[in-house]
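A short worksheet on the structure shown next.
The values are calculated or read from the model by the stated rules, or taken from the named source; none is laboratory data. As the structure is a prediction and not an experimental result, all values here were calculated from the model. No Cβ is skipped: glycine too gets one built from the backbone with ideal geometry, and neighbour counts run over all protein chains shown. The accessibility values were calculated without ligands, DNA or RNA, using every heavy atom of the protein model including side chains. Shrake-Rupley method; radii C 1.70, N 1.55, O 1.52, S 1.80 Å.
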Amino acid sequence: MLEIDDISIGYGKRPVLCHITAKARPGEVTALFGKNGSGKSTLLKSVASLVKPVSGTIRICGRTSDSLSRKEAARTVSFTGTEKIRIPGLECRDLVAMGRAPWTDWTGRLRAHDRKIIGRALELAGMSDFASVPSDSVSDGEMQKILIARALAQDTPVMLLDEPTAFLDVPGKYQIFGILRKLADKERKTIVVATHDIGYAMAYADNIWLIDNGRVTCMAVSDPETLPRIRAAFNPGQDAASLSGPPVHTEDTEAGTRTEG
Amino acid sequence: MILYGGILILAAAFAADLLTGSSGIPPSDVWKALAGGEVPEQTRLIVTDIRLCKTLTALLSGTAVSVSGLLMQTLFRNPLAGPYVLGISSGASLGAALCVLGISSSFIAGDSFIGNMGIAGAAWTGAAIILGIIMAAGRKIGDITVILILGMMLGAGIDAAVQILQYLSDEQSLKTYIVWTMGSLGNVSGLQLLILAAAVLAGLMLAAFSCKSLNLLPAGEEYAVSAGTDIGRTRTLVFISTVLLSGTATAFCGPLGFIGLAVPHIVRLVTGTADHRILVPGTALCGGIIMICCDMVTKLTAVPVNAVTSLIGIPVVIRVVIKYRKYA
């Protein structure tokens, strides 16, 4: 469970967003929408304790984020950013193994239990066949799935992803959202994903956090008012069907378990 | 397996370097001199006071600059980073130059503990100032190309300052300094060797202690922090380790070009890994081996060690530039 209670966030003394209150539950995918520069990444980084909120409280699994030690925070929240990672000499399995860092000793030695979790993370992300592939030779879409596997290996109840589908083609976007849906349904993860792919998010997510004019509005995907509000926020003169992504409310073939609310 | 192989190669190179020299001492006499056997006093002096001291200096200085290069490449996420390229060696040189050219030669020539620590301290200070500027700029700017250019410019600026110091200094100090800038493994005294060994040991321990964080840094600071890394502590450990390693090596052996940049890449190529638990000991070993080999070349050809290290390092740098162009 992730609870954001009246926080204001920003860099230094310059606030980006003020008085945000929102909630994300286990087993749910929450899509975070907003224009470029609206504060989506800053909000995710604040939840991940990478940026300190100016004011307010963030509760993660019942504990305030500032009461968590660095290690405890890393064991509670994983963050997948937008940075492209290309590390020569590192196999995809090694990259996923980085997620085990909060659970290993000071040398970073992996035990049998860690290796099992890494294998399962690769499997859940559909990347088992890439375990021994050099990480600098995979495509952007494959790398994104590897990074999701890395976040899975971190074994945190809360997963934050910043624009994971930004560089992907249509099948890639379907796959990523399908994986996130599966993780929420089967692993009971609390997932918050910042994205511009509104159509995909509307098809796969449960809730929407919409950043508009410095405010965050929380809505259920199933609410008939949600799409018109998003349309009004992004492009008042355009029809909802023209928003990017597949037709809204398409059946999820990969997740299988998704039902319309 | 590779590590054991490296230790064997190091032992072989170490022995070969001890046997190499212009005085034509037979291997049996070298062994006797080392084991405390019956040999002429002059032979004993050549083997223990000159050859052994020089080989140990090559081992320690090669290890020091190579590991500091690895730390720089990881910290700045830049394959072309190294103490020489980023101007850290130049900073250490300026510190040492101020000491060598600015203080009376009797203070330096006396080989006192205070005098040697003065040179080392001055080199550490110079290295620390430049590294501090580069790290601060790195955090502010973030662009690795800009950081490299900044390091080169700082290095060039310092070299200009050192030239002014040379112009203003007396003949004896100038001669001492010029020989030092060519890189010299043979002018290190027993006391300096002890200081070098202590600094290298401390620097290596700090590097070893940072291995887990160093493995996470190449994925980016955000990833490292979100995986529980204390980034401030990691930077501090790497900072102190680099200053100790490259500062001390530069103080007593002069600036050793390209070894710090090239050796980590050679080790990555041989081991095929990005794991610092292998890279740190591997780079320490390989740096020692290569510098000992450079020492053998200098003994046989009488060219300055810096010329040899540059000839070894430059092809590696060219290979790295070509290999990493796809990431630019």
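Kindly provide the set of residues from region B:51-106 that are touching a residue at least 60 places away in the same chain (Cβ under 8 Å), part of a loop (DSSP other than H, G, I, E, B) and hydrophobic (A, V, I, L, M, F, W, C), ordered by number.
Across region B:51-106, the qualifying residues are B:F76, B:L80, B:A81, B:V85, B:L86.
Name the single residue that is farthest from A:N36 (Cα to Cα) among those in region A:198-212 being open to solvent by 20 Å² or more (accessible area, probe 1.4 Å) and modelled with pLDDT of 90 or more.
Here the answer is A:D206.
Going by the conditions given, is B:P281 within 14 Å of chain A (Cβ to nearest Cβ), assigned to a helix (DSSP H, G or I) and open to solvent by less than 10 Å² (accessible area, probe 1.4 Å)?
In short, no.
Looking only at region B:196-234, how many residues end up being among the hydrophobic types (A, V, I, L, M, F, W, C) and within 30 Å of A:Q144 (Cα to Cα)?
Total meeting the criteria: 9.
Would you confirm whether any residue within region B:26-38 is assigned to a loop (DSSP other than H, G, I, E, B), farther than 13 Å from B:M296 by Cβ and open to solvent by 80 Å² or more (accessible area, probe 1.4 Å)?
yes
Just to check your reading of the model, which residue among B:G257, B:G287, B:G220 is closer than 27 Å to B:M152 by Cβ, open to solvent by less than 10 Å² (accessible area, probe 1.4 Å) and in contact with a Phe, Trp or Tyr (Cβ under 8 Å, 6 or more places away or on another chain)?
Of the residues listed, the single one that is closer than 27 Å to B:M152 by Cβ, open to solvent by less than 10 Å² (accessible area, probe 1.4 Å) and in contact with a Phe, Trp or Tyr (Cβ under 8 Å, 6 or more places away or on another chain) is B:G257.
Scan the helices (runs of 4 or more DSSP H) fully inside region B:131-235 and keep the ones with 3 or more residues being away from chain A (no Cβ under 14 Å) and of a type in the set (G, A, S).
B:144-168, B:190-209
Report whether or not A:D94 is within 30 Å of B:I322 (Cα to Cα) and not assigned by TED's automatic domain parsing to the domain that holds A:A220.
In short, yes.
Say whether the condition of being closer than 26 Å to A:V29 by Cβ, assigned to a helix (DSSP H, G or I) and open to solvent by 30 Å² or more (accessible area, probe 1.4 Å) is met by at least one residue in region A:135-148.
yes
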